[in-house]
Amino acid sequence: MDWRNLRQHGDDRGAEFYLSALTYGQHLWQRGLAARALLAVDRALLADVSAGAPILSSWPLPYSALRWIMTHASPEALVGNPRVHYQHMAGRIKGPRADQQRARCWAAWHLARLVNPAWPGDDKHAVEEPGMDKTTTDLQEHGLPGEADLWKAAMMNSPQRRED
């Protein structure tokens with residue numbers, strides 16, 4: 001499996017793309033490529049999956065998966081700083097679904113801050129960092145039904161770090 005599995009969907013970023021991105025993320029994780037796995041799961045998070053899509057019954061939006069990857073990745077495999085990654089992504093989102101995607105990026109940013117509070121933000125990137133309440137409200141207003149609760153559950157449920 002490689003990037004072509006995502007490319008085969010063309011401009012369609014719906015349910016089939018979503019499943020491909022999740023599957024690709026798992027494939028990358030199994031190969032020890034945590035940073036690339038995180039990016040693939042990001043692609044799934046930002047996909048255009050409609051409320052009630054059958055795929056979401058089996059594979060809900062991947063907030064818990066993002067937290068799991070950030071929690072379990074070794075520092076050597078997790079190249080870069082996820083907090084800065086989501087801060088930059090949230091600040092640069094544009095397009096017709098920008099409000100939804102931005103809310104999801106900030107939700108992932110909160111997960112990164114929770115997983116590793118030592119990851120610094122980018123002080124040079126001038127963007128207003130929302131609090132938990134604002135992120136919850138934005139997910140409720142722009143996300144799928146129940147999405148804010150799904151994110152809150154990922155924030156609350158602490159995955160156990162593996163012992164190497």
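The values are calculated or read from the model by the stated rules, or taken from the named source; none is laboratory data. Treat the numbers as computed from the prediction; the structure is a model and nothing was measured. Methodologically, a virtual Cβ is constructed for each residue, glycine included, from the backbone with ideal geometry; neighbour enumeration extends over all protein chains shown. Heads up: the accessible areas ignore ligands, DNA and RNA and are worked out on the full protein's heavy atoms, side chains in. Shrake-Rupley method; radii C 1.70, N 1.55, O 1.52, S 1.80 Å.
Ignoring ligands, DNA and RNA, how do K152, K124 rank by accessible area with a 1.4 Å probe, largest first? Intermediate values should be presented prior to the final figure.
On the way: K152 80, K124 190 Å².
Listed by decreasing accessible area, they come as K124, K152.
For the stretch 1-150, the solvent-accessible area works out to 52 Å² per residue, with a probe of 1.4 Å and every protein chain left in place. What the phi angles of the stretch 34-42 give under the Karplus curve with 6.51, -1.76 and 1.60, with θ = phi - 60°, is a coupling list of 4, 5, 5, 4, 4, 5, 5, 5, 4 Hz, glycine and proline written as x.
Could you tell me what percent of the accessible area of the chain is made up of carbon and sulfur, with a 1.4 Å probe and every protein chain present?
Summing carbon and sulfur atoms, their accessible area is 51 percent of the total for the chain.
Among the protein heavy atoms, those of S64 account for about 70 Å² of accessible surface (1.4 Å probe, every chain in place). Phi angles of the stretch 78-85 translate, via the Karplus equation with coefficients 6.51, -1.76, 1.60 and θ = phi - 60°, into HN-Hα couplings of 8, 5, x, 10, x, 4, 5, 3 Hz per residue; Gly and Pro are given as x. Between D122 and S58, the C-beta separation translates, for a Förster distance of 35 Å, into a calculated FRET efficiency of about 0.45.
The HN-Hα couplings worked out from phi for the stretch 59-67 by the Karplus form 6.51 cos²θ - 1.76 cosθ + 1.60 (θ = phi - 60°) are 10, x, 3, x, 4, 5, 5, 4, 4 Hz, whole numbers, x standing for Gly and Pro.
For the stretch 64-112, the Kirkwood estimate of hydrodynamic radius, built from reciprocal distances between every pair of different alpha carbons, is 11.3 Å. Of the residues T135, Y63, L150, the one whose Cα sits farthest toward the positive end of the charge dipole of the chain, with +1 on the Cβ of Lys and Arg and -1 on the Cβ of Asp and Glu, is Y63. The residues M132, M155, sorted by heavy-atom accessible surface at 1.4 Å with ligands and nucleic acids left out, run M132, M155 from largest to smallest.
Comparing Cα centroids, the stretch 85-164 and the stretch 1-66 end up 17 angstrom apart.
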